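**Q** Take this structure first; my questions come after.
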Amino acid sequence: MTDVQLLKPSPEESVFGAQPSHRMASTVSAGPRSVLGPSRPPLAVWPPLDFALGAFSCCAACVFTNPLEVVKTRLQLQGELRARGSYQRHYRGALQALWVVGRTDGLRGLQKGLSAGLMYQGVMNGVRLGSYSYCESLGVTSFHGGSLLSGAVAGALGAFIASPAYLVKTHLQAQTVEAIAVGHQHNHLGVSDAFVTIYRRDGVIGLWRGVNGAVPRVMMGSAAQLATFTSAKEWVSHSQWVTPNSWLTTLIAAMISGVAVAISMTPFDVISTRLYNQPVDEFRRGRLYHGFSDCMLKVCQAEGLRGFYKGMGPVFLRLAPHTMLSMLFWDLLRQQTVKDQQG
């Protein structure tokens, strides 16, 4: 067959495509490829709507996983640039840290930085998931390595745009009473006060402080998450472990993706948290680190390789359910949107 035949997915078919192709939009069956590569299929979901669906899905997941984000931030800042055993450990694991924060700061303490976190998740993941979906509609992900590349580029774009929100979120989640404080305490009064204080002190550039750590962090996590999720979903579908087109297929694929993200992203997450939370001098330069490579070198020298995996427990406990919930919400919302469009 030399012509390109576009097969519209049935209402029951996942828009992530439980097909040999990695496309969410539609299955393409074609003969010899043109010089320019695979033909461009029509978008399954209007891009602005896809942006909104991705943002909403990740914000919904964030509400459930934010307490683990608070704990993760504290664990990653604990013993900063100090050898193991030379500092007091207020937090000794995910569950113990949750209990300490809840006992000291109350239930509201477990949701510190939630509004900034929702802002970050909405902007970053809206851009990230929407961009990745658009790359799939263009057929970029059908090429060898295209899924990884699309995920990385989409993640970098989302991380850069949403960096100010992540900066404020990190500052607020690190703040606590002196008895259990770790890392530098910025003492903001709230989200609005944090944005105003940072802007007045460091200008617009100050709002993007730490972005050099955020971009590689999200690039790694996004590439691992989206590429693994897409491949795992196809693998589960072809294995026929569960009923075809079942939501369990999405759930299993998201669980596999969560493990891959936690392992690959934690070292970058540690560096990103340190760069965001460090204090600055009168020349608006970081007092502890000069940049990504300097932070990586200092952490390795002072804390060893284990320092890059501080907070691995809560990172996994947060990322795994967050990945599962956000991917599940996004996939189901997209399926419903396609059904409505076809109806």
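**Q** For a Förster distance of 30 Å, can you work out the FRET efficiency between the beta-carbons of Ile263 and Thr104, rounded to the nearest 0.05?
**A** 0.45
**Q** Could you work out how much longer the chain between Ser239 and Arg82 gets when fully extended? Use 0.36 nm per residue separation minus the Cα distance between them, nm to one decimal.
**A** Result for the pair: 51.7 nm of gain on full extension.
**Q** Check which residues have an amide H placed less than 5 Å from Val280's amide H, if you skip close sequence neighbours.
**A** The list, which skips near neighbours in sequence, is Arg287.
**Q** Expressed in nm to one decimal, what extension gain is obtained for the pair Leu332 and Val280 from 0.36 nm per residue of sequence separation less their Cα-Cα distance?
**A** 14.3 nm
**Q** To continue, here is another question. How large is the charge dipole for the range 47-341, taken about the Cα centre, if only the Cβ atoms of Lys, Arg (+1) and Asp, Glu (-1) carry charge, to the nearest 20 debye?
**A** My answer is approximately 760 debye.
**Q** Between the range 264-296 and the range 202-244, what's the alpha-carbon centroid distance in Å?
**A** Computed from Cα coordinates, the inter-centre distance equals 22 Å.
**Q** If you don't mind, there's one more thing I want to ask. Ordering Asp193, Asp331 by accessible area with a probe of 1.4 Å, largest first, what comes out?
**A** Asp193, Asp331
**Q** Still on this structure: Along Cα→Cβ, 7 Å out, is where each label goes; now give me the distance between the ones at Glu178 and Ser231 in nm to one decimal.
**A** Roughly 5.2 nm, to one decimal.
**Q** Give me the distance in nm between label points sitting 7 Å out from Cα along the Cα-to-Cβ direction at Val204 and Gln342, one decimal.
**A** 4.6 nm
**Q** Ranked by accessible surface with a 1.4 Å probe, highest first, in what order do Cys300, Cys58 come?
**A** Cys300, Cys58
**Q** Which one of Phe308, Thr243, Leu49 has its Cα pushed farthest toward the positive end of the charge dipole of the chain, where Lys and Arg give +1 and Asp and Glu give -1 at the Cβ?
**A** Phe308
**Q** Let me ask something else. Provide Lys169, Lys339, Lys310 ordered by accessible surface of protein heavy atoms (probe 1.4 Å), highest first.
**A** Sorted descending by solvent-accessible area, the residues read Lys339, Lys310, Lys169.
**Q** Using a simple spin-label model with points 7 Å from Cα along the Cα→Cβ vector, what separation in nm is obtained for Arg92 and Val63?
**A** It works out to 3.5 nm between the two label points.
**Q** Using the Karplus equation 6.51 cos²θ - 1.76 cosθ + 1.60 (θ = phi - 60°), what ³J(HN,Hα) coupling, rounded to whole Hz, does each residue of the range 301-311 give in order, writing x for Gly and Pro?
**A** 5, 8, 10, x, 5, 5, x, 6, 10, 5, x
**Q** Quick check on the chain: helices-only [θ] at 222 nm, where DSSP H runs of length 4 and up contribute -39,500 (n - 2.57) each and the sum goes over total residues. Nearest 500, please.
**A** -22500 deg cm²/dmol
**Q** Further, regarding this structure: If you stretched the chain out fully between Arg306 and Trp46, how much longer would it get, using 0.36 nm times the residue separation minus the C-alpha to C-alpha distance?
**A** 89.2 nm
**Q** Tell me the carbon and sulfur percent of the accessible area for the range 47-341, rounded to whole percent, probe radius 1.4 Å.
**A** Taking all protein chains in place, the range 47-341 shows 66 percent carbon and sulfur surface.
The values are calculated or read from the model by the stated rules, or taken from the named source; none is laboratory data. What you are looking at is a predicted structure, and each value in this text was computed from that prediction instead of being measured. With ideal geometry, Cβ positions are generated from the backbone for all residues, glycine too; neighbour counts draw on all protein chains shown. We work out accessible area using only protein heavy atoms, side chains counted, and drop any ligands, DNA or RNA first. Shrake-Rupley method; radii C 1.70, N 1.55, O 1.52, S 1.80 Å.
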